[in-house]
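FYI, it's all coordinate maths here, none of it is from the lab. As the structure is a computational prediction, the values presented were derived from the model and not from experiment. Ideal geometry is used to build each Cβ from the backbone, glycine not excepted, and the neighbour counts take in all protein chains shown.
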Amino acid sequence: MSIRPIKRIVQAQPTIEGAGVRLRRAFGFGETRDFDPFLLLDDFRNDNPADYMAGFPWHPHRGIETITYVLAGSVNHGDSLGNRGNLGAGDVQWMTAGSGILHQEMPRGDPQGRMHGFQLWANLPAALKMTRPRYQDIAATDIPEVTDDDGTRVRVICGTFWGRTGPVDGVAADPRYLDVWVPGNQRKTLPIDASRHAFAYVFEGVGTFRDASAPAAVATERVGPIVAAAAAEVENRSLVLFDRGDAVTIQAGEAGIRFLLVSGEPIEEPVAWYGPIVMNTPDELRQAYAELQDGSFIKQG
C-alpha cells in the first residue's frame, strides 16, 4: 500500500457569493489542474441569519455538476425546468447543469439560526457539456453509513466504500464522496484509487494526515494560506490536497476528526471558466453568455 503524500494544505478563505452570503471557499476560480475533475468547494457555515438569508437568487449554470450537502438548516431550491424542493439536514442534491439551467438556492437556518452545508462543483467532459440537465435529490435516510470496529464512521454519498454504495449515480466524474468521522486518538488508513485526484476537507475536530514514513511532528512552512509538509496538524476549515498513492492515513486528535474525503478521475481537458459557466474554449464561453442575453440559453425543457 502506497500512502499518499501531502501536496499542500490550504485554509478556506472568507468570500461573499449570491446576494450577500458569507461563506468560506476552500478552492475555486483559480488553477484547477490539481483538483481535476473538481472546480470549487464552498463551506457555507454560519450562525447569523443576516449573513446567509439573502441566499443565491436565480442564476445560470452550464457545463458542470453541482453537489449540495446540507448538515444543518435547510436549502429551498427551484429551477427553470419546474423542479422544486427542500434539502434538510443530511440531505444531498446532485444537479447536472449540462446544456444549461437557471436555478436558485435559498438557505434557512435551524431553530437556533444555524446553517451549514457544502457545495462542490464537478466539471463535465466536452462530450457531456451539452447533455440534458437533471436532478438527483437524496434524503438523508437513503445515504448508507458504515462503522468500522474502531468506531470510524463513513457516510457514502457517492461511489463505493467498505462494501456500501452511495445513492448518487450516473455522474460523469465518477467521484467518491465520503463524510468521514475518526474517533479520538485513532489512526486510520483509508483506500483511494491510485488513478484519482483526491482531497480532504476538515470541518470538525483536529488530526494529522501523514506520509507512511513521516515522523510524529514535522516543521511546516506557511506561505499565505498554503502549508507544505509531510505531516501537519489540520483543524476546522483545512483542505488537504494529496499527491499520488492508493491510501491516506489520518491520526485523529483527542476529540476526533470529521472531514469530507473526495476523489475523482481527472478529465484532463482545457477549462474556459467565467462565473457559473464552465466550457472548454473561450469561444464556447462567449457563446453561452450571448445566449443568456438573447434568451436561447435553455436548450431542453
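Brief remarks follow.
- Amide H partners (placed H, <5 Å) of residue 256, local residues excluded: 184, 185, 206
- Within a straight-line Cα-Cα reach of under 27 Å, residue 188 can be paired with the following lysines, leaving aside sequence neighbours fewer than 8 residues apart in one chain: 7.
- Cα gyration tensor shape of the stretch 66-185, rounded if a/c is under 1.5, else prolate or oblate by comparing a/b with b/c: oblate
- Centroid-to-centroid separation of the stretch 18-64 and the stretch 135-178 [C-alpha atoms, Å]: 22
- Ranked packing of 199-205, 30-36, 178-184, most packed first, by mean Cβ within 10 Å: 199-205, 178-184, 30-36
- Counting only alpha carbon atoms, the long axis of helix 282-294 and the longest principal axis of the chain meet at about 50°.
- Cβ-Cβ FRET estimate between residue 140 and residue 174, R0 fixed at 35 Å, reported to 0.05: 0.90
- In this Cβ point-charge picture (+1 for Lys and Arg, -1 for Asp and Glu), the stretch 1-64 has a dipole of about 220 debye about its Cα centre.
- Overall, the anisotropy analysis places the stretch 1-117 in the oblate class: the square-rooted eigenvalues a ≥ b ≥ c of its C-alpha gyration tensor yield a/c not less than 1.5, with a/b not exceeding b/c.
- Total charge dipole magnitude, the chain, about the Cα centre, Cβ charges on Lys, Arg, Asp, Glu only, Debye to nearest 20: 200
- Which labelled figure in (1) 60, 44, 40; (2) 52, 42, 38; (3) 67, 64, 34 is Cα extents along the principal axes in Å, once derived from the coordinates: (1)
- Placing unit charges on each Cβ (+1 for Lys and Arg, -1 for Asp and Glu) gives the chain a dipole about its Cα centre, and among 97, 252, 57 the Cα reaching farthest toward its positive end belongs to 57.
- Under the Karplus curve 6.51 cos²θ - 1.76 cosθ + 1.60, θ = phi - 60°, whole-Hz ³J(HN,Hα) for the stretch 132-139, x wherever Gly or Pro sits: 5, x, 7, 10, 10, 9, 10, 6
- Packing-based order for 98-105, 50-57, 279-286, using average beta carbon neighbours within 10 Å, highest first: 98-105, 50-57, 279-286
- Rounded to the nearest Hz, the phi-derived 3J(HN,Hα) couplings of the stretch 159-164 under the Karplus curve 6.51 cos²θ - 1.76 cosθ + 1.60 (θ = phi - 60°) are x, 10, 8, 6, x, 10, where x marks glycine and proline.
- Amide H contacts of residue 8: 241, each under 5 Å away and 5 or more positions distant or on a separate chain (H built 1.01 Å from N in the peptide plane; Pro and chain starts excluded).
- Qualifying lysines (Cα of each under 30 Å from Cα of residue 299; at least 8 residues distant if same chain): 129
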